[in-house]
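One structure is given below, encoded as structure tokens.
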Amino acid sequence: MRVTSALCTAGLLAVLAGCTTPSSSTSGTPQATSTAGAGSSGGTLRIAVMPKQKGIPYFNACEEGAKKAAQQLGDVELVYDGPIQDKSEDQSQMVDAWALQKFDAVAVACNDPEQISTSLSRARDAGVNVITYDADANAERSKRQFFINQVGGHDIAVALVDEMAAQAGPEAKVAVVSSSSTAPNQSAWLKEMDAYRQEKYPKMTVVATEYAGENQKVSFEKAQAILKANPDVKGIWGMTSVALPGAAQAVEQAGKTGQVAVVGLGTPKVMKEFVDRGVVKTVILWNPVDLGYLTVQVARAVARGELKPGDTTFKAGDLGEKKVEGQVVQLGEPMKFTKENIDQFDF
């Protein structure tokens, strides 16, 4: 239900502001609660970081990195919280509540780039610094200051498509299990993949694209349906950290290990069992712990006025110097996890 009157909206936000409490927080040294604008006075900063959905391994790893940064910095009171389902409307309500509570900065991994932009813009108008990470909002409408991009879209596309061609063949029939059609990072990557595939492997065809949200069980069911409807499919891309194990489980249960390539984005800890059994040969990702760490570093620097429009580099603590291109801070290059190295990573 959408609340259309200004009076009802104000009432809703007041309730949210009174009822929302941090479910996960950390700080270097406990300090008194601050208000927005602490960056200029040198006090403790309250920074809120929101995943697309709480409780899934990928964003648990982001939380680990975010907490590490807050503890190292010492002047950050961190709240890491988000919706229990991948719903942009729920994200918007939390952003509105945080704006009323006058956080110094909020960072959001956006489920829908358009829907969330109105709330992010309201937060900016209220004096809250706004950044996005993992998945961007509409840059203009949201008024967000920076986006922390985990890896370039073209780099992801090349890594995923080349790996599929190597495993399934350059003329294979393949399919996709993604999160949602509105997820900005997923949509951008799939467009890049289509363009690169048509240029490099014009005989490789995508026979189905299914959307499962941030839900491993639904991802498994979607992959099962793909296998039943397309018995000649030779590969499935799992585009999220829940889609990849879901697709792997479906291929294994169908008795098609080694016959259907499963390639995608996942966390090493979750995917290790499938790699060990040969269901998946290569897992592609970046380090989500580092992404959470970089997000808090950027949020603090923006709130302190240490990262400004026009800057081309940013020193991000343990991660060293990172490139800044316009309003985008880049984490790095894709990583590949295989049977030879997957035991080395604990996320």
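The values are calculated or read from the model by the stated rules, or taken from the named source; none is laboratory data. No experiment lies behind these values; they were computed from the predicted model shown. Cβ coordinates were reconstructed from backbone atoms using ideal geometry, including for glycine residues, and neighbour counts include every protein chain displayed. Accessible surface is based on the protein model in full, side chains and every heavy atom, while ligands, DNA and RNA are left aside. Shrake-Rupley method; radii C 1.70, N 1.55, O 1.52, S 1.80 Å.
What to note about this one:
- In the stretch 247-329, trypsin sites (Lys or Arg not before Pro) in a DSSP loop with at most 12 other beta-carbon atoms within 10 Å: Arg277
- Using θ = phi - 60° and Karplus 6.51 cos²θ - 1.76 cosθ + 1.60, couplings along the stretch 46-60 (whole Hz; Gly, Pro as x): 9, 10, 10, 10, 10, x, 5, 7, 6, x, 8, x, 4, 7, 5
- Rolling a 1.4 Å probe across the protein heavy atoms gives the chain an accessible surface of 42 Å² per residue.
- Radius of gyration and maximum dimension Dmax of the stretch 176-333, Cα, Å: 18.4, 57
- The chain - percent of accessible surface contributed by carbon and sulfur, probe 1.4 Å: 50 percent
- Exposure rule at most 16 other beta-carbon atoms within 10 Å, DSSP loop GluC sites (Glu not before Pro): the chain longest free segment: 172-305
- Pairwise centroid distance, computed over Cα atoms, of the stretch 46-90 with the stretch 278-347, Å: 15 Å
- Listed cross-link partners Lys52/Lys323; Lys54/Lys323; Lys173/Lys222; Lys222/Lys256; Lys234/Lys269; Lys234/Lys256 are compared with a 19 Å cut-off, the Cα-Cα value being larger for Lys52/Lys323; Lys54/Lys323; Lys234/Lys269.
- Taking each DSSP H run with n ≥ 4 as -39500 (n - 2.57) and averaging over every residue of the chain yields -13000 deg cm²/dmol at 222 nm.
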